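Novice: Here you go, one structure.
The values are calculated or read from the model by the stated rules, or taken from the named source; none is laboratory data. As the structure is a computational prediction, the values presented were derived from the model and not from experiment. Please note: Cβ atoms are built from the backbone with ideal geometry, for glycine as well, and neighbour counts cover all protein chains shown.
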Amino acid sequence: MKLPIVAIIGRPNVGKSTFVNRLAGEQSAIVYDQPGVTRDRTYLPAFWRDREFMVVDTGGLVFNDDTEFLPLIRQQAMAALAEASAAIFVVDGLTGPTAADEEIATWLRQQPVPVLLAVNKCESPEQGLIQAAEFWNLGLGEPFPVSAIHGSGTGDLLDELVTYLQPAQDIPDIDEIKIAIVGRPNVGKSSLLNAFVGEQRAIVSPISGTTRDAIDTKIERDGKTYLLIDTAGIRKKKNVEYGPEFFSINRAFKAIRRADVVLLVIDAIDGVTEQDQKLAGRIIEEGRACVLVVNKWDAVDKDSYTIYDYEKHLQERLHFTEWSETIFVSALTGQRVEKILELVNQAAEEHKRRVSTSVINEVLEEAVRWHSPSVSRSGKQGKIYYGTQVSTQPPTIALFVNDAKRFNDNYRRYIERQFRQQLGFKGTPIRLFWRSKKARDVENASNNRAVRV
């Protein structure tokens, strides 16, 4: 069952994002004392009494001004209102009614959805009533004095709001795959999201830094539900100043952390940059499954060797993600975009796959038979007693050995390659923990499951 949607509308810098965070009970929408921070639609779950709903933060509405992103922000706000069951018009109680407020109010009165008027920044209960009274002339009914920062007055507003919302009963739990779309600025992340959704879900512009919030969008394909998370472009840390971009990048890193699969979008024209390598490293650190998406493939001049040369370039620059699948797409034309989800499904399954202890030890036994650990100058040799998978997402295997220090990096990489060759784990990182343990303790704990060297 689809939750009813409540759109938050208003001019720039009246506190819409702070109000959205108050309703959602979390600091998800970026709040910064600067107009135009919010640009796209940002959806967050909220509830009041017996009603659950989605609250939608929108960019500041400015009519009769077509500079920079303002026409696109209007488009996003109008799209949010078109799908909403109700709207909350947020105004600034400290400033009082403005010409921009009156213009938005005139437009809202022409819309078919019910509109509630929230007069924000009314921290004082007594003064708030006086501040709110100034907004009766907007013709939108009773103005509710509220404080998004402190929460005062929001209860009365929500009591009125829920009368317009249908109760969401018997909502089934949806098993969804969370997909974070990450990459450098201007590699086509928002275009990729729009290609999946089939509409202008996120603002697309050649201007770097257009996307700021992490935008969540649900889609369904073949009975599966996916949560797509578009993120801000991540630049080098030294180039990022404290402000909206700083918060945007933190949101992007959090998106990686909460995703099941990360789409690392690479610009086919620029190739793999140092920043792409750092992002890939971040994905591995977080233990997320990954698909490499080479975008703008339609803009590359090709011959019969182009794709093979490019794959070689990827292997050289991103050799530490050789376990991930690669797909060449064009978000602009939609070429192969839908095939990304096939790779996502595979990576998500491998990410949560569990392998039995007996199978792991069969792989270890064969690996040791073909290549035994080296012997030190003092004649000591490493021994692997047994291994077992201890967790998933990512698959994590503990190897119990006589002395972890006797296994150098080359041998550890060899063992990991054997696991990948024999067990797959395509699309996901795996973690190996080497645990030193005395032979006597191992025999008691593992019931003589040692791998003989």
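Novice: Need pairs with beta-carbon distance below 7 Å; first residue in the same structural domain as Glu362 (by TED's automatic domain parsing) and under 15 Å from Arg369 (Cα atoms) and within segment 400-423, second in a helix (DSSP H, G or I) and hydrophobic (A, V, I, L, M, F, W, C); sequence gap 6+ or separate chains.
Specialist: Ile415/Ala367; Gln418/Val363; Gln418/Ala367; Phe419/Val363; Gln422/Val363
Each row is one residue, and each column tells you yes or no for (1) β-branched (Val, Ile, Thr); (2) surrounded by 11 or more Cβ atoms within 10 Å (Cβ to Cβ); (3) within 26 Å of His351 (Cβ to Cβ).
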| position | (1), (2), (3) |
| --- | --- |
| Asp298 | no, yes, no |
| Asp303 | no, no, no |
| Glu311 | no, yes, yes |
| Glu316 | no, no, yes |
| Trp323 | no, yes, yes |
| Ile327 | yes, yes, yes |
| Ser330 | no, yes, no |
| Gln335 | no, yes, no |
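Novice: Give the residues of segment 107-121 that are part of a helix (DSSP H, G or I) and touching a strand residue (DSSP E or B) at 6+ places or on another chain (Cβ under 8 Å), sorted by residue number.
Specialist: Looking only at segment 107-121, we keep the residues that are part of a helix (DSSP H, G or I), and these are 107-109.
Result: Leu108, Arg109.
Novice: May I ask you to say which residue of Glu311, Glu342, Glu362 is of a type in the set (D, E, K, R) and not assigned by TED's automatic domain parsing to the domain that holds Ala259?
Specialist: Glu362 is the lone residue from the list that is of a type in the set (D, E, K, R) and not assigned by TED's automatic domain parsing to the domain that holds Ala259.
Novice: Which one of the conditions (1) within 25 Å of Pro112 (Cα to Cα); (2) modelled with pLDDT of 80 or more does Arg22 fail to meet, given that it meets all the rest?
Specialist: Status for Arg22: all satisfied but (1).
Novice: Can you tell me which residue among Val293, Val272 is assigned to a strand (DSSP E or B) and in the same structural domain as Asp230 (by TED's automatic domain parsing)?
Specialist: The conditions single out Val293.
Novice: May I ask you to list the residues in segment 92-106 that are of a type in the set (S, T, N, Q) and in a helix (DSSP H, G or I)?
Specialist: Within segment 92-106, just Thr106 meets the criteria.
Novice: Condition first: assigned to a strand (DSSP E or B) and of a type in the set (A, V, I, L, M, F, W, C). Now tell me which residues in segment 255-269 satisfy that.
Specialist: Val261, Val262, Leu263, Leu264, Val265, Ile266
Novice: Also: So, of the residues in segment 406-436 that are outside any loop (DSSP other than H, G, I, E, B) and of a type in the set (A, V, I, L, M), which turns out to be farthest from Glu350 (Cα to Cα)?
Specialist: Per the stated criteria, the residue is Ile415.
Novice: Considering each of Leu263, Leu292, Leu279 in turn, give the residue that is surrounded by 15 or more Cβ atoms within 10 Å (Cβ to Cβ), in contact with a Cys (Cβ under 9 Å, 6 or more places away or on another chain) and at pLDDT 80 or above.
Specialist: Residue meeting the stated conditions: Leu263.
Novice: Please verify whether Glu365 is free of Cβ contacts under 8 Å to residues at least 24 places away in the same chain, of a type outside the set (Lys, Arg) and assigned to a helix (DSSP H, G or I), treating the condition exactly as stated.
Specialist: So Glu365 fails the test.
Novice: Do the conditions hold for Arg11, that is, is it assigned to a loop (DSSP other than H, G, I, E, B) and either more than 21 Å from Ser147 (Cβ to Cβ) or modelled with pLDDT under 80 (or both)?
Specialist: no
Novice: Another one. Run down Leu81, Leu116 and say which single residue is at pLDDT 80 or above, assigned by TED's automatic domain parsing to the domain that holds Gly153 and under 27 Å from Trp136 (Cβ atoms).
Specialist: Leu116
Novice: Would you be able to tell me the number of residues in segment 41-73 that are modelled with pLDDT of 75 or more and over 18 Å from Leu108 (Cα atoms)?
Specialist: Selection size over segment 41-73: 11.
Novice: Of the conditions (1) touching a strand residue (DSSP E or B) at 6+ places or on another chain (Cβ under 7 Å); (2) modelled with pLDDT of 90 or more, Pro373 clears all except one; give me its number.
Specialist: Going through the list (1) touching a strand residue (DSSP E or B) at 6+ places or on another chain (Cβ under 7 Å); (2) modelled with pLDDT of 90 or more, Pro373 breaks only (2).
Novice: Would you mind telling me which numbered condition in (1) at negative phi; (2) surrounded by 15 or more Cβ atoms within 10 Å (Cβ to Cβ); (3) modelled with pLDDT under 90 Leu161 fails?
Specialist: Evaluating Leu161 over (1) at negative phi; (2) surrounded by 15 or more Cβ atoms within 10 Å (Cβ to Cβ); (3) modelled with pLDDT under 90 leaves (3) as the failure.
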